[in-house]
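Data first, discussion second: the structure below is written as structure tokens.
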Amino acid sequence: MKILFLNGPNLNLLGQREPEIYGRKSLAEIETEVRTRATRMDSKVEFKQTNLEGELVNWIQAAKGKFDVIVLNAAAYTHTSVALRDAISAVGVPTIEVHLSNVHRRESFREKSLIAPVCVGQIAGFGANSYILALEAAVNINEKTNRA
């Protein structure tokens, strides 16, 4: 099983940026934890991060036929990007929306996700562990698909 983890704007600053909201772990530390767990689950993971919306769209489009599931932390683009929503919908690769913070307990503009309706599910509010939960969900999605 192959899972693509995509990370949007400002996630390259994890560990430094507002640690009281996003935690003290860097994105590299989160990636290491996910890779370790993925190996135990007989899954391969790839991680990418960008601050550019169009690059995320390109990566989503390129995932078709190469990855079984996408885990996407679109960060601020979650609330603004019709382009990401359309890309997810167009490629048909099951996508899980993930967030470190509980977006529903923050500013009201963060409560609306434009990508949620085209994602299989959403994991939010568990800090770095949100990524581990997303990995487990991705494996479960793939197992259900292969049993059907």
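Taking 22 Å as the straight-line reach from the Cα of Lys64, the lysines in range (excluding those fewer than 8 positions away in the same chain) are Lys2, Lys44, Lys48, Lys144.
Note on Ala83 and Asp42: the extension gain reaches 11.5 nm, defined as 0.36 nm multiplied by sequence separation minus the Cα-Cα distance. A Gaussian network model of the chain, with springs between Cα atoms under 10 Å, assigns the largest mean-square fluctuation among Val120, Val34, Val93 to Val120. Annotation: per residue accessible area for the chain equals 50 Å², rounded to a whole number [probe 1.4 Å, protein chains only]. Straightening the chain between Glu33 and Glu18 buys 3.3 nm, computed as 0.36 nm per residue apart minus the Cα-Cα spacing.
Distances between placed amide hydrogens fall under 5 Å for Thr95 paired with Ile70, Val120, all partners being 5 or more residues away or on another chain. For the chain, the fraction of 1.4 Å probe accessible surface lying on carbon and sulfur atoms is 48 percent. In sequence order, the stretch 61-73 has phi-based couplings of 4, 6, 6, 4, x, 10, 10, 7, 8, 10, 10, 10, 9 Hz under the Karplus curve 6.51 cos²θ - 1.76 cosθ + 1.60, θ = phi - 60°, and Gly or Pro positions carry x.
The values are calculated or read from the model by the stated rules, or taken from the named source; none is laboratory data. Every value quoted in this text rests on a predicted model; they were computed, and no experiment measured them. Areas reflect the complete protein model, heavy atoms only, side chains present, ligands, DNA and RNA absent. Shrake-Rupley method; radii C 1.70, N 1.55, O 1.52, S 1.80 Å.
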